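These notes are about the structure you will find just below.
What follows is calculated from the coordinates using simple rules that are stated; it is not laboratory data. Values in this document were obtained by computation on a predicted structure and should not be read as measured data. Ideal geometry is used to build each Cβ from the backbone, glycine not excepted, and the neighbour counts take in all protein chains shown.
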Amino acid sequence: MERDGLGALTVEEVAREAGVARATVYRTFPGGRDEVVGAAVAHAVAGFFADLRRDIGDAPDLATLLERGLVAARRRLESHAALQRALQEEAGQIVPRLATVMPLVIDGVRAELTSRLARERLRPGVVPDQAADLLARLFLSLIGSPGSWDLDDPDAARRLVRGQLLAGVVELDPPG
Amino acid sequence: MHSVSDVTQATVIHDRLEVGEGAGAGPVAPVGAWAAEYLAAGDAERRLVEAALRCFARWGIRKTSVDDIAREAGVSRATVYRVVPGGKDRLVQVVLCHEAGRLFHTMDAELSAAETLEDLLVTGIRGLLLVADGHDVLRTLIRDEPELVLPHFAFHQLDRIFDLADTLARPHLSRFLPPEDVRPAAELLARVVLTYAFRPTPWVDPHDPDSVRRLVRTYLVPALTSPSVSEPSLSDRTTDPAQEST
């Protein structure tokens, strides 16, 4: 897929590349081509977030985690050659695939944020599950589409996280 | 992180090889152009867009031809190409944009009547989520032709939606926020509406106004009104705790 794109992929090519028989591909993925592509996209997404977690897992608090996460994820996304190519040349193929795995990605990010929120001073009225859900969704939205935020700039990421993301969620120390 | 097989099992979706090329590709319109186009649209264009939406509802996007749309709108083929020169992919964009704008404007009176930022956001978010929930045409298109619709809601293409959100929400948000805060606010609100429209959750239920109000009051109003925190002293503190003790 990285070499030829999603649209051109065939089971024969996958088998040849992996050095196995066509029958082996079908035994592993009974759904054939469609299932192979789905598994490959899912694998790439899982790898992306595993790498991201390694980048930022040692962040001392939620705000720092989100700030570093946005900057690191954006950098990874922009330098992800296979994804950028797919978005340029076959967005109709890749975007629905990513949309299909997105609920699981939201679940994963939400779980991570829920455990982080347990160590924060929450503002009155905040329900941790709800806050984690909202933050996970906004975090992922910002990674894919930063809009007018320049996430190459750690200072912008800090303003974004401490304002739009966390102002309603946790008690942040006042500056100074 | 989930195992690959977990993810794989969830991955069965329409796979239509014939649209591989072209969908979602192509140059992105300059910032603001898309939204400005909506506002500047004449009656003929509106009629065309409404006709296209009816055709999409009847036959789906791929099976709708430019001739079908021209006939439905009672205009010539040449008119369709003049109004929407970019072909069908471009037409999908324009239709989505016009439809969003039309729906937004049906709420204009209600939004103008809001006396607080909280009321404004509750009205707007709830109204848009209700519309998304009940929009059979859009839901059918997303289900049956995701490869033609979803790219318009993802990655850099979302910039067009942000432009539209800014254009449509600015008059209302400006009553409560300083001008420089309107764009980021419109983007945040667009993200919130889109995520809960595409992937609903029980805790934000447009049929339960109180749930939307809790979302707005607890999380969104503080998010939009918190003072900017860019002071260097804060960044020193958070990145280097050792400095605090010196």
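Numerical summary
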{"read-out": "Computed [θ] at 222 nm, helices only, for chain A once each DSSP H run of length n ≥ 4 contributes -39500 (n - 2.57)", "value": "-21500 deg cm²/dmol"}
{"read-out": "Gyration tensor verdict on the range B:104-159 (Cα atoms; rounded if a/c is under 1.5, prolate if a/b is larger than b/c, oblate otherwise)", "value": "prolate"}
{"read-out": "B:E118/A:A21 FRET efficiency (R0 45 Å; Cβ-Cβ; nearest 0.05)", "value": "0.10"}
{"read-out": "Value of Rg/Rh across the range A:32-165 [Cα atoms, Kirkwood radius]", "value": "0.98"}
{"read-out": "At 0.890 mPa s and 25 °C, Stokes diffusion of the range A:132-176 via Kirkwood alpha-carbon radius, µm² per second", "value": "217"}
{"read-out": "Point-charge dipole on Cβ atoms (K/R +1, D/E -1) for chain A, about Cα centre, debye to 20", "value": "240"}
{"read-out": "Contact order relative to length of chain A, as percent, for alpha carbon pairs under 8 angstrom and 6 or more apart", "value": "25"}
{"read-out": "Largest-first principal axis extents of the Cα set of the range B:32-169 (Å)", "value": "48, 31, 26"}
{"read-out": "Number of partner chain Cβ atoms within 10 Å, mean per residue of A:99-108", "value": "5"}
{"read-out": "Descending Cα extents along the principal axes, the range A:57-97, whole Å", "value": "39, 19, 12"}
{"read-out": "Once the Cα gyration tensor of the range A:1-69 is diagonalised, semi-axes √(5λ) in Å", "value": "35, 11, 10"}
{"read-out": "For the range A:69-124, the spread of Cα positions along each principal axis, largest first, Å", "value": "47, 23, 16"}
{"read-out": "Highest-MSF residue in chain A out of A:V105, A:V161, A:V14 [GNM, Cα springs under 10 Å]", "value": "A:V14"}
{"read-out": "Sequence-separation-based contact order of the range B:88-225, relative, with Cα cut under 8 Å and 6+ spacing, percent", "value": "31"}
{"read-out": "Relative pair counts by distance (%), Cα atoms of the protein assembly as shown, 10 Å bins", "value": "4, 20, 30, 26, 15, 5, 1, 0"}
{"read-out": "Rounded D (µm²/s) - the range A:29-83, Kirkwood Rh over Cα pairs, Stokes-Einstein at 37 °C, 0.692 mPa s", "value": "260"}
{"read-out": "Label-point gap, in nm, between B:R143 and B:R175 - each point 7 angstrom along Cα→Cβ", "value": "3.7"}
{"read-out": "Computed over the range B:88-225, Kirkwood Rh from alpha-carbon pairs, angstrom", "value": "15.4"}
